[in-house]
Amino acid sequence: MDLITELTILVLAAFVGFEVISKVPNTLHTPLMSATNAIHGIVLLGGILVIGSAEGFFNKAVLVVAIAFGTINVVGGFLVTDRMLEMFKKRPEPKKAEGAK
Amino acid sequence: MTLPVASFLTDLDFIRVLYIVAFTLFIVGMRMLTKPSTARNGNIVAAVGMAIAVVATLLIPSVGDYGLIALGIAIGTIVGVPAARQVKMTAMPQMVALFNGVGGGAVALISWVEYRHYLDIGGNPSLDTLIPILFAAIVGSISFWGSNIAFAKLQELIPGKPFALPGQQIINGLLLLAAVAAAIAIVTGSESEGLFILILVAAALLGNMVVLPIGGADMPVVISLLNALTGLSAAAMGIALDNTALIVGGIIVGASGTILTNLMAEAMNRSIPSIIAGGFGGGGASGGGGGGADTEGRSVKSTDAADVAIQLAYASRVVVAPGYGLAVAQAQHTVRELADDLEERGVEVLYAIHPVAGRMPGHMNVLLAEADVPYDALKEMDEINPEFPQVDVTLVIGANDVTNPAAREDQGSPIYGMPILDVDKSGQVIVLKRSMSPGFAGIDNPLFYNDNTALLFGDAKQSVADVLSEIKNV
């Protein structure tokens, strides 16, 4: 792919990201951040892409570390986000009716 | 002849289609994160997108060394799963800092190996690959080291208080200059791994030096900023490797981090450059001493648990304004029990959440959710502030600077202009405090001396428990 196509994707995706994420309420900012932690674990793909053509023990070892780092992000990020979001509960309905008088 | 199915699976266009599916799921997942009711499923949708992106990448014919890939994924899983399962909710800021760090670290390492690879096969790649690699190396390295320092500060391995280093801005400027100059040297034709390592090291030192002096209340901004940087470095790596999933995934994180950084800085009325420049407000710290002078000689009223219990029981509207102190005292569960008791009596209980309550964006909401506080009882600052005049009693628990009216009124105050919770406009304010010591920023709080303010001294959790037991007698 040529650079211009990639920059086009980059800029459009940035605007989509801004539009979508600016609607996330304060309440969910911590889960949002840990979910984006998981998404930037996508650097894992970078490690997978280059390890095959890398030569020598050193290069391979560095890439195994990079893949492990990326996996920590992906697995840990999604899991911890799920743990947090599980705790977010709405007020039970009957109580709300009482509170509203 | 190969099987048609197999050749179709490894077709690059098919893989690109899978990438489109993957980043569509990222965006759909993020959209679902905009509502608490759909957020959990949104996270799962994004995770499915990630699984598709990983599988698609493994199908690419040029990918090899599956054994080592499996090893890396296994190590990451073994480290990541228990960490995610066991981390305490109070420790989320550290966890996120660490996750930012490993993401940035992975980018820096991959960029280094990529550059070594190009040198091995004949020299610098073309500029449209070289420049993103260098960018990813600089930003990834800053993010890795900066995040590690942020982690160490939040974990209190090193002092969390802000401080100033002599000549700090000059040193930071020189480090950035060194990294950029080495990058320019490579771009203009030098083929040297030494220069590349110089870039990594200068950026690493810069990451250390920038985050080290920042402390206290500025930490939420720092974490958000490092989050944005990690995303940007991943997007740059995507351009270098011609990988659309990496580009889109990375820039979404970059956008998210940027939005949060801005929100946090606005919530503290601080500019991002002034935070990066270090310390809390520079000259402001000394101004704090002067600002406190006008409260001297004024006395505070103290109250006791029985009195607070009566006021709460006969109120019709109560607001709790929590700060990080509430979480430190582990008082959130007791507060929720108190709220339950009050609601049974027909008292409406709401929570006023300042954007920087806690140590990262939205931290307080997670801590209260953990204590089973329903999310629709949590009100954001702009929503609750107009309501305060109709509030009978406000309980300020472990919060200080975010309730300080000096931010509204005293132009000499270092926090002047910072948006605050207008708790002082409610009928009665009860401040739970351990002692008269000032908050994180070291600024005296005129709220404590108001006629409608009473202080309940003691450990936050114990005080709330005392009020709870008294209220049962009312």
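The values are calculated or read from the model by the stated rules, or taken from the named source; none is laboratory data. Remember, it's a predicted structure, so these values are computed and weren't measured experimentally. Neighbour counts are summed over all protein chains in view; Cβ atoms, including those assigned to glycine, are modelled from backbone coordinates with ideal geometry. The accessibility values were calculated without ligands, DNA or RNA, using every heavy atom of the protein model including side chains. Shrake-Rupley method; radii C 1.70, N 1.55, O 1.52, S 1.80 Å.
For residue B:319, nonlocal amide neighbours, meaning residues 5 or more places apart or on other chains whose placed amide H falls under 5 Å from its own, are B:350, B:393, B:394, B:395. Taking all protein chains as they are arranged and a probe of 1.4 Å, the heavy atoms of residue A:11 leave approximately 70 Å² accessible to solvent.
Measuring nothing but protein heavy atoms, the accessible surface of region B:300-471 at 1.4 Å probe radius is 46 percent carbon and sulfur. Residues in chain B average 39 Å² of solvent-accessible surface per residue, probe 1.4 Å, ligands and nucleic acids excluded. Counting only heavy atoms of the protein chains and using a 1.4 Å probe, residue B:161 has close to 120 Å² of accessible surface. Here the peptides B:186-199, B:142-155 are ranked by packing, the mean other Cβ count within 10 Å, and the order with the highest first is B:142-155, B:186-199. Heavy-atom accessible area with a 1.4 Å probe sorts B:351, B:449, B:118, B:66, largest first, into B:66, B:118, B:449, B:351. Applying 1/(1 + (r/R0)^6) with R0 = 22 Å to the Cβ-Cβ distance of residue B:37 and residue A:19 gives a FRET efficiency near 0.60. The mean count of C-beta atoms from other chains within 10 Å of the C-beta of residues in B:349-355, rounded to a whole number, is 1.
Shown is the FRET efficiency for residue B:434 and residue B:51, computed with R0 = 51 Å from the Cβ-Cβ distance and rounded to the nearest 0.05: 0.60. Seen from residue B:95, the other residues with C-beta closer than 13 Å to its C-beta sum to a net charge of +4, counting Lys and Arg as +1 and Asp and Glu as -1. Per-residue 3J(HN,Hα) values for region B:255-265, derived from phi via the Karplus relation 6.51 cos²θ - 1.76 cosθ + 1.60 with θ = phi - 60°, read 5, 4, x, 5, 4, 5, 4, 4, 4, 5, 5 Hz in sequence order (x marks Gly and Pro). Accessible surface area normalised per residue over chain A is 39 Å², counting heavy atoms of protein chains with a 1.4 Å rolling probe. Charged neighbours of residue A:85, selected by a Cβ distance under 12 Å, balance to +1 (K, R count +1; D, E count -1). Between A:79, A:63, A:12, the residue with the greatest mean-square fluctuation in the GNM of chain A (Cα pairs under 10 Å linked by springs) is A:12. Near residue B:134: Cβ cut-off under 14 Å, other residues only, Lys/Arg at +1 and Asp/Glu at -1. The net charge is -3. Dipole check for chain B: with +1 at the C-beta of Lys and Arg, -1 at the C-beta of Asp and Glu, and the Cα centre as origin, the magnitude is about 660 Debye. In the assembled protein chains, residue B:298 presents an accessible area of approximately 110 Å² (probe radius 1.4 Å). Per-residue ellipticity at 222 nm from helix content only, as computed over the protein assembly as shown with -39500 (n - 2.57) for each DSSP H run of at least four residues, stands at -20000 deg cm²/dmol.
Remark: accessible area buried at the A-B interface is about 8600 Å², both chains counted, probe radius 1.4 Å.
Here the simple spin-label model places points 7 Å from the Cα toward Cβ, and for residue B:181 and residue B:409 these points are separated by 5.3 nm. A straight chain from residue B:158 to residue B:345 at 0.36 nm per residue would run longer than the Cα-Cα distance by 62.7 nm. The alpha-carbon of residue B:161 sits under 29 angstrom from the alpha-carbons of these lysines, leaving out residues fewer than 8 places away in its chain: B:88, B:153, B:433, B:461.
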